[in-house]
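One structure below.
The values are calculated or read from the model by the stated rules, or taken from the named source; none is laboratory data. Given the structure is predicted, the values throughout are model-derived calculations rather than measurements. So basically every Cβ, Gly included, is an ideal-geometry build from the backbone, and we count neighbours across all protein chains shown.
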There are 2 protein chains.
Amino acid sequence: MTGNAAGAPAAGRLSLNQATVHKLGLAQAVDLCVRHDIPAIGLWRERVAETGLAAAAATVRAAGLQVSSLCRGGFFTHADPAARAAAIADNKAAIAEAAALGAGVLVLVSGGLVPGSRDLPLARRMIADAIGELVPVAREHGVRLGIEALHPMFAADRCVITRLGEALDLAQRFPADAVGVVVDTYHVWWDAAVLADIARAGERIVSYQVCDWVLPLPADVLLGRGHVGDGMIDFPPLSAAVAAAGYHGYVETEIFNERVWDAPPDDTAATVRKRFPLAF
Amino acid sequence: MTGNAAGAPAAGRLSLNQATVHKLGLAQAVDLCVRHDIPAIGLWRERVAETGLAAAAATVRAAGLQVSSLCRGGFFTHADPAARAAAIADNKAAIAEAAALGAGVLVLVSGGLVPGSRDLPLARRMIADAIGELVPVAREHGVRLGIEALHPMFAADRCVITRLGEALDLAQRFPADAVGVVVDTYHVWWDAAVLADIARAGERIVSYQVCDWVLPLPADVLLGRGHVGDGMIDFPPLSAAVAAAGYHGYVETEIFNERVWDAPPDDTAATVRKRFPLAF
């Protein structure tokens with residue numbers, strides 16, 4: 001890796017995704033960011049709900065933090081029409097929450113195969129239909145929907161959108177002010193087309209998340225992510241491509257890992273901050 | 001799934017990849033195929049070496065079995081030039097073994113990141129260079145090299161070639177009589193472009209392997225494969241695309257799974273045979 005070069009952003013672009021300090025409540029996570037001079041936070045709906053939406057928004061605002069994204073909407077793939085309708089309603093609520101929190105982006109984890117079905121195209125159609133229903137609501141609230149491609153090992157159970165290029169093809173069916181894509185290094189680093197797809201994404205990139213691919217994978221592959229620099233991902237080419245595509249917003253560190261969660265949160269925040277330049 | 005339809009092959013196209021009965025020696029695996037009226041076998045070099053090449057070839061021939069492939073060559077990505085040269089030499093030996101066994105195909109698992117490096121393009125260049133060196137040897141022996149795309153969860157440590165389309169792009173840099181691609185359902189099922197890539201592959205398809213994607217993934221993700229029908233893969237569209245592309249050779253069942261390996265081999269062979277029609 002080339003490490004921190006002339007074009008690297010200052011820590012002023014760092015955002016701590018709340019999932020990285022999974023055991024903290026919202027107010028504690030906000031305090032942690034303030035203590036470590038991290039200017040932005042990526043929030044999770046569950047933690048916002050615990051605090052209450054208005055109180056959460058007030059807490060973040062009072063701390064002077066920016067909200068880089070709200071996680072997460074999606075999970076659109078259901079056999080039962082009532083369940084699909086409930087998912088749409090829940091996503092509309094999430095859009096309104098994002099707006100109330102000042103988050104410009106709602107991250108979408110779109111959903112895996114429809115329960116009882118092996119039909120990938122069916123699942124993909126349901127996702128496209130659902131996003132189409134959400135577009136007017138997103139525009140009304142000034143929130144962009146960020147379609148996240150998840151690593152293909154999650155295709156069956158979490159997200160059938162498995163490549164950045166696929167997420168982008170889907171996003172481009174909708175207006176750019178309403179639907180974009182999330183680039184998460186963990187999910188897309190392996191793809192021979194990823195740099196070309198980032199370039200093609202351009203203004204559609206609404207969020208950039210970094211964490212590392214660490215081996216061996218843990219028993220629960222959801223929890224295998226590592227701090228930047230602990231794994232196998234070559235971040236600088238990805239970050240350079242994201243910058244060249246025109247994305248200059250916050251860069252979220254989002255790490256799902258039991259050992260990271262068990263570490264003292266101040267240690268985690270310090271490590272996130274210290275490693276951040278290695279991503280560029 | 002539509003199940004077995006008019007176009008489904010008879011069990012006459014079934015091949016048992018020897019890895020599915022991992023604990024059997026070559027002669028035992030051959031006997032198992034004969035007992036279960038399975039007309040072909042996919043061999044592994046380690047088992048061939050145990051038996052001795054000439055004896056292995058004679059055993060298979062005497063049983064009247066066809067050899068659908070030899071597993072495996074590859075692992076070309078090494079920092080040390082001497083290690084790269086050793087890999088080339090070993091692959092040349094594997095090609096000669098395939099020819100002696102009557103296997104028309106040597107399956108290549110190309111290798112992960114170069115040790116000590118995070119440079120994916122470097123690893124990919126090393127693989128292309130190595131295959132280029134092997135082409136004349138493959139042609140001389142009448143053996144085709146089958147580039148296998150592995151699931152992206154193996155990109156770092158086993159194979160940086162992660163999509164069928166990528167394997168095909170690489171294969172097309174070489175003559176079709178020397179280099180093709182392996183389609184393994186487990187590795188490629190999630191890819192939105194897979195049907196188009198199979199169509200594009202056409203005569204480049206040199207092997208078709210089936211096994212299922214089963215959740216949850218086990219602690220060692222190498223061993224998560226299931227019998228056809230036990231998991232999430234919709235086989236008929238994949239098999240139809242492979243047939244439409246012009247591949248009418250043997251279809252190998254290759255399952256890495258501790259529980260399958262612990263089952264009585266006759267039960268495993270019977271299940272493989274019984275489930276085979278579900279793949280079409």
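Points worth noting:
- Note on segment B:139-194: residues that are closer than 16 Å to B:V109 by Cβ, in contact with a strand residue (DSSP E or B) (Cβ under 8 Å, 6 or more places away or on another chain) and charged (D, E, K, R) amount to 4.
- Of all residues making up segment A:208-230, the number that are part of a loop (DSSP other than H, G, I, E, B) and not aliphatic (A, V, I, L, M): 8
- Among (1) part of a helix (DSSP H, G or I); (2) of a type in the set (A, V, I, L, M, F, W, C); (3) within 14 Å of chain B (Cβ to nearest Cβ), the one test that A:V242 misses: (3)
- A count restricted to segment A:145-154 and to residues that are within 10 Å of chain B (Cβ to nearest Cβ), within 19 Å of A:A196 (Cβ to Cβ) and not in a loop (DSSP other than H, G, I, E, B) stands at 1.
- Screening A:L106, A:L113 for residues that are under 18 Å from A:C159 (Cα atoms), out of contact with any Lys or Arg (no Cβ under 9 Å at 6 or more places or on another chain) and not β-branched (V, I, T) leaves exactly one candidate, A:L113.
- B:T253 fulfils the conditions (1) β-branched (V, I, T); (2) within 18 Å of B:L215 (Cα to Cα); (3) away from chain A (no Cβ under 14 Å); (4) in contact with a Cys (Cβ under 8 Å, 6 or more places away or on another chain) except for a single criterion, (2).
- The strands (runs of 3 or more DSSP E) found wholly in segment B:1-106 and carrying at least 1 residues that are in contact (Cβ under 8 Å) with a residue 40 or more places away in the chain and in contact with a His (Cβ under 9 Å, 6 or more places away or on another chain) occupy B:14-17.
- Test set (1) within 18 Å of the chain's Cα centre (by Cα); (2) within 14 Å of chain A (Cβ to nearest Cβ) - B:A138 fails condition number: (2)
- A:D157 meets all of the listed conditions (1) over 17 Å from the mean Cα position of the chain (by Cα); (2) away from chain B (no Cβ under 11 Å) but one, namely (2).
- So B:I127, is it part of a helix (DSSP H, G or I), away from chain A (no Cβ under 14 Å) and either more than 23 Å from B:V60 (Cα to Cα) or aliphatic (A, V, I, L, M) (or both): no
- Test result for A:G112, closer than 17 Å to A:A83 by Cβ and within 18 Å of the chain's Cα centre (by Cα): yes
- Per the listing B:A93, B:A103, B:A63, B:A58, the residue uniquely surrounded by 21 or more Cβ atoms within 10 Å (Cβ to Cβ) and closer than 24 Å to B:G25 by Cβ is B:A103.
- Some residue of segment A:99-112 being within 14 Å of chain B (Cβ to nearest Cβ), over 17 Å from A:E166 (Cα atoms) and of a type in the set (V, I, T): no
- Taken over segment B:107-124, residues that are in a helix (DSSP H, G or I) and among the hydrophobic types (A, V, I, L, M, F, W, C) amount to 3.
- In segment B:213-231, residue farthest from the other protein chains (Cβ to nearest Cβ) [restricted to those that are touching a residue at least 24 places away in the same chain (Cβ under 8 Å) and touching a Leu at 6+ places or on another chain (Cβ under 8 Å)]: B:V228
- Filtered residues of segment A:255-280 (kept if closer than 13 Å to A:D184 by Cβ and surrounded by fewer than 23 Cβ atoms within 10 Å (Cβ to Cβ)): A:F256
- Looking only at residues of segment B:222-248 that are within 21 Å of B:G146 (Cα to Cα) and surrounded by fewer than 20 Cβ atoms within 10 Å (Cβ to Cβ), we find that the one that is modelled with the lowest pLDDT is B:L222.
- Matching residues in segment A:55-105 - criterion: being among the basic types (K, R) and more than 26 Å from A:V181 (Cβ to Cβ): A:R61
- Among (1) buried (at least 16 other Cβ atoms within 10 Å of the Cβ); (2) modelled with pLDDT of 95 or more - the single one A:L217 does not satisfy: (2)
- Residue list for segment A:164-199, restricted to those being facing chain B (nearest Cβ under 10 Å) and among the acidic types (D, E): A:E166, A:D169, A:D191
- Considering only residues in segment B:159-188 that are acidic (D, E) and touching a residue at least 24 places away in the same chain (Cβ under 8 Å), the one that is nearest to B:A149 (Cα to Cα) turns out to be B:D184.
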